[in-house]
1. Exactly one condition in (1) under 16 Å from the mean Cα position of the chain (by Cα); (2) more than 25 Å from D19 (Cα to Cα); (3) open to solvent by 30 Å² or more (accessible area, probe 1.4 Å) is false for P97; which is it?
2. Write out, first by first residue and then by second, each pair whose Cβ atoms fall under 6 Å of each other, whose residues are 6+ apart or on separate chains, and whose first residue, in region 113-133, is buried (at least 18 other Cβ atoms within 10 Å of the Cβ) while the second is assigned to a helix (DSSP H, G or I).
3. Kindly indicate whether any position in region 135-145 is touching a helix residue (DSSP H, G or I) at 6+ places or on another chain (Cβ under 9 Å), open to solvent by 70 Å² or more (accessible area, probe 1.4 Å) and among the polar types (S, T, N, Q).
4. Test of understanding: among E39, E49, which residue is in a helix (DSSP H, G or I), open to solvent by 10 Å² or more (accessible area, probe 1.4 Å) and either over 22 Å from W166 (Cβ atoms) or polar (S, T, N, Q) (or both)?
5. Restricting the search to region 68-79, which residues are in contact with a strand residue (DSSP E or B) (Cβ under 6 Å, 6 or more places away or on another chain) and open to solvent by 20 Å² or more (accessible area, probe 1.4 Å)?
6. Being more than 17 Å from A138 (Cβ to Cβ), of a type in the set (V, I, T) and either free of Cβ contacts under 8 Å to residues at least 60 places away in the same chain or buried (at least 17 other Cβ atoms within 10 Å of the Cβ) (or both) is the requirement here; does V109 meet it?
7. Pull up region 25-62, narrow it to residues that are of a type in the set (V, I, T) and within 15 Å of the chain's Cα centre (by Cα), then point me to the one that is farthest from R120 (Cα to Cα).
Amino acid sequence: MTRGVGMAQVRITPWSEGDLALLRRLNAPEVRAHTGGSETDEQVLSRHERYVQFAGTGKGCMFTVVLPDGTKVGSVGYWDREWRGEQVYEMGWAVLPEHQGRGLATAAVRAVAAAARDRRTRRWAHAYPSVGNPASNAVCRKAGFTLLGEVDFEYPPGKLMHSNDWCLDLTTPERT
């Protein structure tokens with residue numbers, strides 16, 4: 001699936017065994033600054049295995065963010081979550097620092113929202129970027145999410161993060 005925002009063009013492809021090097025690059029402190037910091041290599045390997053196995057579970061999917069020339073520049077995905085008594089999708093993304101600020105994350109989030117929308121299994125998708133992460137909050141706004149307010153959100157597990165709760169109605173057509 002290929003999507004564009006302004007001049008930004010990306011394709012999303014399901015996460016595969018060959019994407020471990022990308023995940024290690026996305027584990028950089030500047031990428032993980034708003035999501036609990038860098039993980040150990042053991043945690044990265046575990047995350048990679050979850051991402052690879054995810055597609056076959058029916059509970060969501062992780063994707064790589066790919067430029068038209070084939071360069072892999074990030075990750076994006078959606079997964080099942082219970083939120084306030086309702087089954088929703090949670091969405092998350094990361095883009096390598098040298099590719100940030102070009103609309104790639106917004107294009108990737110729109111593409112993954114379309115993939116989640118096509119499944120027709122959940123009405124709502126949520127994203128919970130830190131209130132101190134203006135870039136990810138801008139991605140939510142540009143991708144058509146509605147800000148519901150601030151929440152204390154557990155991420156990483158065992159740690160509360162002060163986040164914004166953004167919501168996207170998957171039953172309505174995509175806004176362009």
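The values are calculated or read from the model by the stated rules, or taken from the named source; none is laboratory data. It should be emphasised that the depicted structure is a prediction, and the values quoted were computed from it without experimental measurement. Note that each Cβ is placed from the backbone with ideal geometry, even for glycine, and that neighbours are counted across all protein chains shown. Heavy atoms of the whole protein, side chains included, go into the accessibility calculation; ligands, DNA and RNA do not. Shrake-Rupley method; radii C 1.70, N 1.55, O 1.52, S 1.80 Å.
1. (2)
2. Filtered contacts from region 113-133: A125/A116; A127/C140; P129/S136; P129/N137.
3. Within region 135-145 (the criterion being touching a helix residue (DSSP H, G or I) at 6+ places or on another chain (Cβ under 9 Å), open to solvent by 70 Å² or more (accessible area, probe 1.4 Å) and among the polar types (S, T, N, Q)), the answer is no, since none of the residues qualifies.
4. Numbers: E39 fails: in a helix (DSSP H, G or I).
None of the other options fit; the residue is E49.
5. Residues of region 68-79 that are in contact with a strand residue (DSSP E or B) (Cβ under 6 Å, 6 or more places away or on another chain), as a first pass: 68, 72-79.
Residues satisfying the conditions are P68, K72, W79.
6. Values: more than 17 Å from A138 (Cβ to Cβ): no; of a type in the set (V, I, T): yes; either free of Cβ contacts under 8 Å to residues at least 60 places away in the same chain or buried (at least 17 other Cβ atoms within 10 Å of the Cβ) (or both): yes.
The answer is no for V109.
7. Here is the first cut: in region 25-62, the ones of a type in the set (V, I, T) are 31, 35, 40, 44, 52, 57.
Now narrow it down to the ones that are within 15 Å of the chain's Cα centre (by Cα): 31, 35.
On the way: V31: 31, T35: 29 Å.
Among those residues, the one meeting the criterion is V31.
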